[in-house]
Amino acid sequence: MNEDTLQAALSNPQNLGEMPDADAVGTVGSPDCGDMVRMWLKYKEEDGRKVIDKASFQSFGCQTAIAVASLATELIRGKTKEEALQMSAEELSAPLGPLPPMKIHCGQMVEGALKAALEAEQASSATPPMAASTQTGPTLVDSLTAAGKTAGKIKIVLQS
Ligand code: FES
C-alpha cells in the first residue's frame, strides 16, 4: 500500500461531508469492524449524457476507508452511472496500491456504498428523464391513493 498517498488523502480528504442537494445516497456498514461508509451523488447532463457531477462521503473510524472514499469520489466524477457501476474496489483504491489483506474490506465498503447510491438513484429514476420531470405527473398522494384503492387497506389522512 502506498503510505504517502494514504497520508495525503487522510490529511486532506476530498469531498468529505454530507451533500444536502444530492440526487442519491447509499450506505453500507461492515459487521466485522463496525465501520460505515455513506456516499452522496449528484448528476448533471453533459453532451447528452447523464454523468456524475460530484460525490461526497462520510466514513467513521477507518482511515483506509476514508482514503479510498476520498480517492473514489474524485475518480467517479464525469462518469455515467453504468461506467461507475463497473468500477471495482481495486480500481477505486488503485492510487493506494494493493491493500493489505486486513484492509481489503475497507475498499469493498466504499464500492458497496457507491453501488448502493447508484442503485438508489436508479430506483427513483423510474420516472421520465430529467427534461420531462417538470411536467405534472402523479403525486405521491395520488400513487398512495391508487395503491390504497387496489389494496383497500391504506387510508390517507391529509393534514391541513
Ligand atoms: Fe473496517 Fe477499514 S472499514 S477496518
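A few remarks follow.
- Taking residues in region 50-71 that are part of a strand (DSSP E or B), and partners anywhere that are charged (D, E, K, R) and within 14 Å of the ligand (Cβ to nearest atom), the pairs with Cβ atoms closer than 7 Å and at least 6 places apart or on different chains are PHE57/ARG38; GLN58/ARG38; SER59/ASP35; PHE60/ASP35.
- Here GLU45 fulfils each of the conditions (1) surrounded by 14 or more Cβ atoms within 10 Å (Cβ to Cβ); (2) touching a residue at least 40 places away in the same chain (Cβ under 8 Å); (3) not in a loop (DSSP other than H, G, I, E, B) apart from (1).
- Matching residues in region 72-98 - criterion: being in contact (Cβ under 8 Å) with a residue 40 or more places away in the chain and of a type in the set (Val, Ile, Thr): THR73
- Residue list for region 29-42, filter: buried (at least 17 other Cβ atoms within 10 Å of the Cβ), within 16 Å of the ligand (Cβ to nearest atom) and in a strand (DSSP E or B): MET36, VAL37, ARG38, MET39
- Region 83-103 - residue that is acidic (Asp, Glu) and in contact with a Leu (Cβ under 9 Å, 6 or more places away or on another chain) and, of those, nearest to MET1 (Cα to Cα): GLU90
- Answer residue from region 94-110, given it is within 16 Å of the ligand (Cβ to nearest atom) and either within 24 Å of LYS44 (Cβ to Cβ) or aliphatic (A, V, I, L, M) (or both) and is surrounded by the most Cβ atoms within 10 Å (Cβ to Cβ) among those: VAL110
- Residue count for region 51-65, restricted to those that are within 15 Å of GLN108 (Cβ to Cβ) and within 9 Å of the ligand (Cβ to nearest atom): 4
- Among the residues of region 5-28, those identified as in contact (Cβ under 8 Å) with a residue 40 or more places away in the chain and either of a type in the set (Ser, Thr, Tyr) or in a strand (DSSP E or B) (or both) are THR5, LEU16, ALA24, VAL25, GLY26, THR27, VAL28.
- Number of the exception - LEU99 against (1) at pLDDT 90 or above; (2) part of a loop (DSSP other than H, G, I, E, B); (3) under 24 Å from MET19 (Cα atoms): (3)
- Check on GLU91, under 14 Å from the mean Cα position of the chain (by Cα) and either buried (at least 20 other Cβ atoms within 10 Å of the Cβ) or not hydroxyl-bearing (Ser, Thr, Tyr) (or both): no
- Residue within region 72-86 that is of a type in the set (Asp, Glu), within 16 Å of the ligand (Cβ to nearest atom) and surrounded by fewer than 21 Cβ atoms within 10 Å (Cβ to Cβ) present: no
The values are calculated or read from the model by the stated rules, or taken from the named source; none is laboratory data. Source: prediction; values computed, not measured. Cβ atoms come from the backbone with ideal geometry, glycine included; neighbour counts cover every protein chain shown.
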